[in-house]
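Rule-based calculations on the coordinates, nothing more; no lab input. Model, not experiment: these values are computed from the prediction. Cβ: placed from backbone, ideal geometry, glycine included. Neighbour counts: every protein chain shown.
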Amino acid sequence: MAKEIRIEVDDETYAELQRLAADGHEEPDQYASRRLTADLARTRFLEGSALFLSTPGMREEFARRFGPQAGPSASVA
């Protein structure tokens, strides 16, 4: 179930929010909701990645499976 939150921003921030929303043909509240959801998903991903890499032995396993750098040279296990 969707929840509603209310936040206050200054006039400059709201003007920027309106501009960015208009670029995507969205209402400011829809744009803000989508960005907040994406930012939270990114945060969860980064926190999970950090936990994975901090687990003993996982950094080496990650490097073994995916190589030292991302890209076409990465191996698939």
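Numbers at a glance
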| read-out | value |
| --- | --- |
| Within-15-Å neighbourhood charge of A41 [Cβ basis; K, R +1; D, E -1] | +2 |
| Distance in nm between pseudo-label sites at E26 and R64 (7 Å out along the Cβ direction from Cα) | 4.2 nm |
| Ellipsoid semi-axes in whole angstrom, largest first, where each is sqrt(5λ) of the Cα gyration tensor of the chain | 38, 16, 11 |
| Helical contribution to [θ] at 222 nm, DSSP H n ≥ 4, -39,500 (n - 2.57), averaged over the chain, rounded to 500 | -21000 deg cm²/dmol |
| Ordering of 3-11, 15-23, 37-45 by packing [mean C-beta count within 10 Å, highest first] | 15-23, 37-45, 3-11 |
| Separation of the A2 and R34 label points, Cα + 7 Å toward Cβ, nm | 1.3 nm |
